[in-house]
Amino acid sequence: MTPISTRTPDTPPAARRRSTALIVLCLVQFMLNLDDNVVSIALPTVRAELGFGFAGLAWVVNGYILAFGGFLLLSGRIADLFGRRRVFLCGVALFGAASLFCGLAQEPWQLIVGRFVQGSGAALASPAALALLTLLYPGGKERAKAIGIWGGVAALGATLGLVISGMLTDFASWRWVFFINLPVAVLVLVVLPRLVGESRTETSARVDIPGAVLVVAVPGLLVYGLLRASETGWANASSVIPIAAAALLALTFVAVELRTAEPLVPLSFLTFRPRAVANTTLLLFSASFYAMAFLLMLHIQTVLDYSPFTAGLSYLPFGAGILTGMAVSSRAVRRLGERWALVAFLLISAAGLVLMSGIDPSDSYVAGILPALLITSIGCGMTLPALTVLALTGTTEENAGLGSAVVTSVQQLGGAVGLAVLVTLAEQRRTTSGSLDPRQAATDGFAHALTISAALVALSAALIATTLRNTEPAETD
């Protein structure tokens, strides 16, 4: 199978097409990341209108995460084999159709099914988008800048999801949380085929069916088990059994892939040192920051007693800090080298989390939360693009989709782990704090989880310092 390259000569029209394609790909990632959070603040209104029970309501969020995390690796490999542009457009179309279905839902089961389908569409589109971006910008310096922009827009989507959700829920209807995706999906389906050519792996290969089944089952069962653990506790059979089954199937997957002539996920790809170090660090980092974002939103609404819309607005400085960090990330990497730049970025992030863990219930948002929020967000903004570039080291026309899927899957699984473990630990500390003041007890749980988050990020810095090989700083501009 002959590949059709997405790389065009650097003439002005070609450069404009690449820039426009970058904007379109960023717009899609903004939409996908926005839907990670956009439904959260609307949940009480959804519950009242559709008649959800508490357990069912949780699956409006969990269904999206489960489908997204479960199908990512398979989707990335399918994109490599059958065409990244084709798979990307199929994912966007599926996501748009599911958004319409969610917005029109009249029964709880309809919204839950729609969210599962949304997550599946996101799993198809997200790794294919990053793969297209990687191939559009093959040079190290230009790729780092493009990924920095892409990551910044994605982070902005995750942040603005809370603001947009609060605004639409308060001033329009929760259904517009889903309807706003439709014009974006239509625009992308019309415009992108004019900007980006098809690309796929050079070799003709069949899909590894056993590997495909296992690569969907392992993260799917793991995410399901972790989400159940956050609801029922770690000792409950409904969480222990799927987590144990995921571990067993992961070992089976390794055995199958070692014996398969054309494996879905070559183990040599996963064990390549820079990618292995980057993905392990990204797992710990995502676990810390997903939990931080969730717990901070709870703290702002329950301890500071902010309304949903005001709580969403209070997150805007986080997005601004991330964009600021991303603006300086690639330059710092060129001056310091990957290893020491990442260590510095991670330590800044950890320092922000430590500062945030010291807040008191009587602290105002401006005096107590905002300084720590800015430090944490700047560290996060510097870290994410550098880690993403490192995790995509050595990816080529053959495996760009797979590499992108691994990165996105690690982020989703890390987030699920963080939510399941750290939120549970925060709740346990809250209930055993001994304080008669519920605001103090809630703050104790919040601080405990953030202290652990800071330790995980510091551990990530130590991992980078001790296992990543030195790279010479590049010449500065």
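Which of the residues belonging to region 374-390 are surrounded by 23 or more Cβ atoms within 10 Å (Cβ to Cβ) and of a type in the set (A, V, I, L, M)? Hits for region 374-390 are Ile378, Met382, Leu384, Ala386, Leu387, Val389, Leu390. Going by what's in this entry, would Val184 be described as closer than 25 Å to Arg84 by Cα and surrounded by fewer than 24 Cβ atoms within 10 Å (Cβ to Cβ)? Here the answer is yes, as Val184 does meet what is asked. Where helices (runs of 4 or more DSSP H) fall entirely within region 210-323, those with at least 3 residues that are at pLDDT below 85 and either in the same structural domain as Ala351 (by TED's automatic domain parsing) or surrounded by fewer than 18 Cβ atoms within 10 Å (Cβ to Cβ) (or both) are at 267-271, 273-302, 308-313. Residues considered: Gly157, Gly197, Gly151, Gly166. Of these, the only one that is more than 20 Å from Ser314 (Cα to Cα), at pLDDT below 85 and either assigned to a helix (DSSP H, G or I) or touching a His at 6+ places or on another chain (Cβ under 7 Å) (or both) is Gly151.
Please indicate, with yes or no, whether at least one residue in region 411-427 is in contact (Cβ under 8 Å) with a residue 24 or more places away in the chain, assigned to a helix (DSSP H, G or I) and among the hydroxyl-bearing types (Ser, Thr, Tyr). The answer is yes; a qualifying residue exists. Of the set (1) in contact (Cβ under 8 Å) with a residue 60 or more places away in the chain; (2) within 30 Å of Ala48 (Cβ to Cβ); (3) in contact with a helix residue (DSSP H, G or I) (Cβ under 6 Å, 6 or more places away or on another chain); (4) of a type outside the set (Val, Ile, Thr), all apply to Gly119 but (1).
Being hydrophobic (A, V, I, L, M, F, W, C), at pLDDT below 75 and either in contact with a Phe, Trp or Tyr (Cβ under 8 Å, 6 or more places away or on another chain) or buried (at least 16 other Cβ atoms within 10 Å of the Cβ) (or both): is that true of Leu72 here? No; evaluated as a whole, the condition is false for this residue.
The values are calculated or read from the model by the stated rules, or taken from the named source; none is laboratory data. Everything quoted here is computed from the prediction, not taken from an experiment. Every residue, glycine among them, receives a Cβ derived from its backbone with ideal geometry; neighbour counts consider all protein chains shown.
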